[in-house]
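Here's the structure, in structure tokens; my notes come after.
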Amino acid sequence: MPTVGVKRDLLFKALGRTYTDEEFDELCFEFGLELDEITSEKEIISREQGDSKASGASDIILYKIDVPANRYDLLCLEGLVRGLQVFKNKLEAPRYRRVSPVNGEPQKLIITKETAAVRPFAVAAVLRNITFTQERYDSFIELQEKLHQNICRKRSLVAIGTHDLDTISGPFTYTAKAPGDICFRPLNQTKEYTATQLMSLYKTDSHLRHYLHIIEDKPVYPVIYDSNGIVLSMPPIINGDHSKITLKTKNVFIECTATDVTKAKIVLDMMVTMFSEYCSQPFTVEEAEVVYPDGKTCVYPELAYRTERLSSEFINCKVGINESTEKIAQLLTRMCLRSRATGVGDEIEVEIPPTRSDVIHACDIMEDAAVAYGFNNITRTTPRTYTVAHQFPLNKLTELLRQDLAAAGFTEALNFALCSQEDIADKLGKKISETKAAHISNPKTAEFQVARTTLLPGLLKTIAANRKMPLPLKLFEISDVVLQDETKDVGARNSRRFCAVYYNKSPGFEVIHGLLDRTMQLLDVKSARGEGYHIQAADDPTFFPGRCAEIFVQGKSVGRLGVLHPDVINRFELTMPCSALEMDVEPFLGHTAEALLTHDVPMQEVIAHRFPTQIESSQALASRPTSTKTVFGDMSTPAGLKALNGFLADKSYMEGFAATQADVAVFDAIPSAPSPTFCHLLRWYKHIQSFQRERAGLPPAKSQFVLQAAAPAAANDASDDDDIDLFGSDDEAESAEAARIKEQRLAEYAAKKSKKPALIAKSSILLDVKPWDDETDMAKLEECVRSVSMDGLLWGQSKLVPVGYGIKKLQIGCVVEDEKVGTDLLEEAITAFEEYVQSVDVAAFNKI
């Protein structure tokens, strides 16, 4: 969610009253927002850069407010105040109007055909006779940045340009030229540059360098000229200095160039509606004409109002309230959606203003009605439908495999889903075009360029980071890879893979082959051609010639195994032989990973892991104890059921947060399914009923909820005079004493076990710390890194690794306690030394 920072005093002045922090927090919650933080500019700089840098900063209180990502009308102080005032019934939602110029023709923006190769669309408008103050000017600039980061997708979809109309003259021309043919003085610069020179100049600019990739590979760059040949802007990079707006600017020309014309219209509407209130005629915007290469002329901004009709019954039903049609119309009007009852049944007519581009469906209107009504005011009710969740079949199979592979002596690793092109192609002896990889359009680093198509490189890099560990190294990973797939609507799909490697002084192919046989045994797949599995020789550049085999299951190839090629081993900085196995897991489910959740794990897993069958479950049900006596009372009586229902009102299970034998015992004590009157008991009953196949494997109970049944009297068909056993024994007393002793010993064992210290989860982390340039003092950099001290952090060995152009990065290892130290915390602490450190990346992460 975007965060909007506003000055508290300025906000309260605009709202017309002063709030306490608690009152304003409550107001934000009522309006569907969240007051995230109360801070100041000085506090922010002190926290991020240190007290020394914050000495001259402002102490003015700032409110950081979280705004829904699709509410672009709340990204500035003006829109936020307007929305809150309408919500509190202190102001009517304004009407925005597009007007023609008082004198002369409207401003024109002519688009040439050359722009089709880069950014083919543009829209424009004029804010006439606007009055800026310093606060309004700052808000105007900040809104542009918020829109650029949000709906504009970092200027890739839309770029906003604002210009002082009095310094330029129309008509304006939007065209595209070769970089060497564009020359102008950019914003806040003292001399002219060509577009080529600008791209080099801004490569080191902390703000603008993030946008260069949008056009730098294009043969032509977009540019906007006025009628005198003065450059207004080179979107989406920079505006010209000649037409920059100042506090003295009275007329603002706004242009938005885009690759998506719909987004451009929304952005333009937001800019003009938010700041048209400062014009001499509030909430009026002067139109501008845009002429496209085909001669078509469009007038902007559209400022389109539209109406939607829906029933009050729809809103009442979805929200869970019971309000009249007129009342719901009033609620919607408070959310800047002018509404009225049409008089036709319970129909409501809702007017959607140009500021509410987020309203695209009746559900959006219903959500606004719920916000205006107040979520805390909605009556809490118990759902009528109870559902029982099932684990995703593919994940269930994965978990079962993980446990048995770990039992086979292999250690599980978890690596990044993104990697470099070199990792999945060059280092494995393959071409990138053959990998079907999904590429990142604008990768932040060279290490995260593509989504991995194989798990092998990640495991080899993990071994390279742990070469000093005792041999052999036996690792495995079961995770997803991403493959291009034209049949999918997103053009790619996930595929669950299993990969294992064995690294030792000898290749150990027999170890990997044995692991394959064990895996197939777990999956209940026989070693046979046709219906089972078999391997046959194959050629693969990743593996040593003659030491590679392809795995076939039921005649279909599912993976490969073999001894890795020496060149592959050297490229991953390894020095010893290595064998590897990688195969697809999904074929063993009998359906794809995208199957419905109603499917269960196939029967071969059930058999292999000895899950109780349906017959066994039925027998378990038939062998229920006859006792209905519990600590809550007799479960055959309404009083006992009511007591248990009250106990389960705020609990999911009898003990703790997972099903145990205590749940099974109480479940068996209930003669039949409880009535819907006992809603909490019925919910629990149906949930525990779904565990019938797994009930035998549930953890033991810590407490006894079901009381022992009295021993039934012996039947005697010959006489009814044997009610008193004159020759009775002490067996019953002895059995009761034995049960008491057993329970006492179990309690002592549980108490003793609870005193054992818990195992501390630790991880080994390898960090890549990159300096700014080759002049950075690497010794001082390492000293700064090692100065980071935390409870649960132990620094290890380090080395300098060449990166290129004389630059070296610091590679340093550490061991951390997972509960005390996280990678985010480490990265934040190290990057605080910004004089030396450019970035910190996690090169390897392994559980110990």
Does any residue in the range 431-448 that is under 21 Å from Val803 (Cα atoms) come within less than 8 Å, Cβ to Cβ, of a residue that is part of a helix (DSSP H, G or I) six or more places away or on a different chain, and which pairs are these? Asn442/His213
Residue that is most open to solvent (accessible area, probe 1.4 Å), among those in the range 514-565 that are assigned to a helix (DSSP H, G or I) and in contact (Cβ under 8 Å) with a residue 60 or more places away in the chain: Gln521
Output the qualifying pairs, or none if there are none: Cβ atoms under 8 angstrom, residues six or more apart or on different chains, first residue in the range 231-254 and outside the structural domain of Cys152 (by the TED database), second residue in a loop (DSSP other than H, G, I, E, B) and open to solvent by less than 10 Å² (accessible area, probe 1.4 Å). none
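Conditions tested, residue by residue: (1) at pLDDT 85 or above; (2) surrounded by 11 or more Cβ atoms within 10 Å (Cβ to Cβ); (3) over 18 Å from Ile807 (Cα atoms); (4) more than 37 Å from the chain's Cα centre (by Cα).
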{"position": "Lys762", "(1), (2), (3), (4)": "no, yes, yes, no"}
{"position": "Asp768", "(1), (2), (3), (4)": "yes, yes, no, no"}
{"position": "Asp773", "(1), (2), (3), (4)": "no, no, no, no"}
{"position": "Arg786", "(1), (2), (3), (4)": "yes, yes, yes, no"}
{"position": "Ser789", "(1), (2), (3), (4)": "yes, no, yes, no"}
{"position": "Gly792", "(1), (2), (3), (4)": "yes, yes, yes, no"}
Which residue pairs have Cβ atoms under 7 Å apart, sit 6 or more places apart or on different chains, and have a first residue in the range 175-192 that is assigned by the TED database to the domain that holds Val231 and aromatic (Phe, Trp, Tyr) and a second that is in a strand (DSSP E or B) and open to solvent by 100 Å² or more (accessible area, probe 1.4 Å)? none
Quick one: would you say Arg497 is closer than 14 Å to Pro587 by Cβ, open to solvent by 10 Å² or more (accessible area, probe 1.4 Å) and either touching a strand residue (DSSP E or B) at 6+ places or on another chain (Cβ under 9 Å) or of a type in the set (Lys, Arg) (or both)? yes
The number of residues in the range 1-48 that are open to solvent by less than 20 Å² (accessible area, probe 1.4 Å), among the polar types (S, T, N, Q) and not in a strand (DSSP E or B) is 0
Condition met for Val553 (closer than 28 Å to Gly458 by Cβ, modelled with pLDDT of 90 or more and among the β-branched types (Val, Ile, Thr)): yes
Of all residues in the range 555-588, count the ones that are of a type in the set (A, V, I, L, M) and within 14 Å of Tyr502 (Cα to Cα). 8
In the range 797-836, which residue that is within 15 Å of Cys784 (Cβ to Cβ) and of a type in the set (Ser, Thr, Tyr) is surrounded by the most Cβ atoms within 10 Å (Cβ to Cβ)? Tyr836
When you go through (1) within 40 Å of the chain's Cα centre (by Cα); (2) modelled with pLDDT under 85; (3) buried (at least 19 other Cβ atoms within 10 Å of the Cβ) one by one for Asp663, which number turns out not to apply? (2)
Taking into account only those residues within the range 102-137 that are modelled with pLDDT under 90 and in a loop (DSSP other than H, G, I, E, B), which is least open to solvent (accessible area, probe 1.4 Å)? Gly104
Quick check on the range 236-259. Is at least one of its residues among the hydrophobic types (A, V, I, L, M, F, W, C) and within 17 Å of Gly180 (Cα to Cα)? yes
How about the range 65-108: which of its residues are closer than 21 Å to Tyr137 by Cβ and of a type in the set (D, E, K, R)? Asp73, Glu78, Arg82
So for the range 701-715 (the condition being open to solvent by 60 Å² or more (accessible area, probe 1.4 Å), of a type in the set (Ser, Thr, Tyr), in contact with an Asp or Glu (Cβ under 7 Å, 6 or more places away or on another chain) and modelled with pLDDT of 75 or more), does at least one residue qualify? yes
Given the conditions (1) closer than 23 Å to Asp404 by Cβ; (2) at pLDDT below 75, which single one is not true for Leu597? (1)
Taking helices (runs of 4 or more DSSP H) that fall entirely within the range 324-441, which contain at least 3 residues that are open to solvent by 60 Å² or more (accessible area, probe 1.4 Å), more than 21 Å from Phe498 (Cα to Cα) and touching a strand residue (DSSP E or B) at 6+ places or on another chain (Cβ under 7 Å)? none
Restricting the first residue to the range 15-38 and requiring it to be among the charged types (D, E, K, R), which pairs with a second residue that is in a helix (DSSP H, G or I) and open to solvent by less than 70 Å² (accessible area, probe 1.4 Å) meet a Cβ separation below 7 Å and a spacing of at least six or different chains? Glu34/Cys28
Select from the range 201-236 the residues that are open to solvent by less than 30 Å² (accessible area, probe 1.4 Å), part of a loop (DSSP other than H, G, I, E, B), closer than 18 Å to Ala124 by Cα and out of contact with any helix residue (DSSP H, G or I) (no Cβ under 6 Å at 6 or more places or on another chain) and list them in ascending order. Asp226, Pro235
Give just the number: which of (1) within 30 Å of Asp25 (Cβ to Cβ); (2) under 31 Å from the mean Cα position of the chain (by Cα); (3) not in a helix (DSSP H, G or I) does Lys90 not satisfy? (2)
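Rundown of residues vs (1) among the hydroxyl-bearing types (Ser, Thr, Tyr); (2) in the same structural domain as Asn188 (by the TED database); (3) more than 18 Å from Ser169 (Cα to Cα), yes/no style:
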residue: Tyr225; (1), (2), (3): yes, yes, no
residue: Met270; (1), (2), (3): no, yes, yes
residue: Tyr278; (1), (2), (3): yes, yes, yes
residue: Glu287; (1), (2), (3): no, yes, no
residue: Tyr292; (1), (2), (3): yes, yes, yes
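The values are calculated or read from the model by the stated rules, or taken from the named source; none is laboratory data. Computed from a predicted structure; not experimentally measured. When we count neighbours, we look across all protein chains shown, and the Cβ atoms used for this are built from the backbone with ideal geometry, even at glycine. The protein model used for the area step is the full one, side chains on, heavy atoms only, and it has no ligands, DNA or RNA in it. Shrake-Rupley method; radii C 1.70, N 1.55, O 1.52, S 1.80 Å.
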